[in-house]
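The values are calculated or read from the model by the stated rules, or taken from the named source; none is laboratory data. On a predicted model such as this, the values are computed, not experimentally measured, just so you know. Glycine gets a Cβ as well: all are built from the backbone with ideal geometry, and neighbour counts include every protein chain shown. Just the protein is used for accessible areas: all its heavy atoms, side chains included, with ligands, DNA and RNA removed. Shrake-Rupley method; radii C 1.70, N 1.55, O 1.52, S 1.80 Å.
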Amino acid sequence: MSKKTEAAVADLHTATDQIVGAVIQAIVEHRLKPGTKLVEQTLGNRFGVSRTVVRQALFRLQQMRLVTLEPARGAFVAQPSVTEAREVFAVRRMLEGQLLQSLAGQLQGTSSQRLKAHLRAEQDAVARIDVAARTRLLFDFHVLLAELSGNTVLTELMKELVSRCALISLMYQSASHAGQSHAEHVALAAALERGDGAEALHLLDAHLSGLEHQLTAHPRVPN
């Protein structure tokens, strides 16, 4: 493969990554609602790329279960079912439970500083009632824990799961309890800093159970 071809392939991957990242961020910040149509031409114009590149990005988002592609109709932000929502929370319990056990007592130096800085940003966004920022930060707390573990595969899985949870929260959860979620994050982080893995697991279960119990039988957005 020539250097010119390699550069073209790299640019293609970069453009695809940018579109995927932008759509995920819009979902996490609740700026893209479940069922929203994603127009290829609009995305292409925004990012200055061809529809082929846009289709590649949409296909990747479909693989992540964040977008559905319907023949002759196009791409739409996914609308997860209640069953899928509960399954996502079950997977998060398993993954994050193992994650917390590995982190307990290991958060020192830069890792501890990053976690504390994130919690301060959460607190600030909650206080300012910055809905987009606080929503993103509250979900990113869990991704950050995965990053601090140094496991890149786990980090990618957490990014996908929290993005799907963002859709779920839009469709099924009741009014946002941002302040409570932040307080629960602070308590969980403190337990990890103390090296109390058992307490961290208890707090995580209570945190996720509280979110899951907000699910209702009647989604805000019709399926």
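Observations on the model:
- Residue-level accessible surface for ARG31, protein heavy atoms, 1.4 Å, Å²: 130 Å²
- Accessible-area value, MET64, 1.4 Å probe, nucleic acids and ligands omitted, Å²: 30 Å²
- Which of LEU192, LEU95, GLY105, positive extreme of dipole for the chain (C-beta unit charges): LEU95
- Segment GLN101-ARG51, extension gain: residue separation times 0.36 nm, minus the distance between their alpha carbons: 13.6 nm
- Full-extension gain in nm, HIS202 to ARG114, via 0.36 nm per residue minus C-alpha separation: 29.4 nm
- Ranking ALA26, THR52, LEU161 by how far each Cα lies toward the positive end of the dipole of the chain (charges on Cβ) leaves THR52 at the top.
- Between the amide H of HIS177 and any residue lying 5 or more places away or on another chain, no distance stays under 5 Å, with hydrogens modeled in the peptide plane.
- Global geometry of the stretch 153-214, whether rounded, prolate or oblate, following the gyration tensor of its Cα atoms and the 1.5 cut on a/c: oblate
- Where only DSSP H runs of four or more residues are counted, the chain gives -24500 deg cm²/dmol as its mean residue ellipticity at 222 nm, each run worth -39500 (n - 2.57).
- Database remark: amide H of ALA78 closer than 5 angstrom to the amide H of GLY35, VAL67, THR68 (H placed geometrically; neighbours at sequence offset of 5 or more, or on other chains; Pro and chain starts carry no H).
- Set against the labelled values [x] 62, 48, 25; [y] 63, 45, 31; [z] 51, 49, 33, Cα extents along the principal axes in Å computed from this structure falls on [z].
- Computed from point charges on the beta carbon alone (+1 for Lys and Arg, -1 for Asp and Glu), the dipole magnitude for the stretch 27-81 about its Cα centre is near 20 Debye.
- For the stretch 191-213 versus the stretch 54-82, the gap between their alpha-carbon centres in whole angstrom: 33 Å
- Shape class for the stretch 73-147, computed from the alpha carbon gyration tensor (a ≥ b ≥ c): oblate, with a/c not under 1.5 and a/b at or below b/c.
- Theoretical gain in end-to-end length, VAL131 to PHE59 [0.36 nm per residue, Cα-Cα removed]: 23.0 nm
- Counted by Cβ distance under 10 Å from LEU203, the other residues give a net charge of -4, where Lys and Arg count +1 and Asp and Glu count -1.
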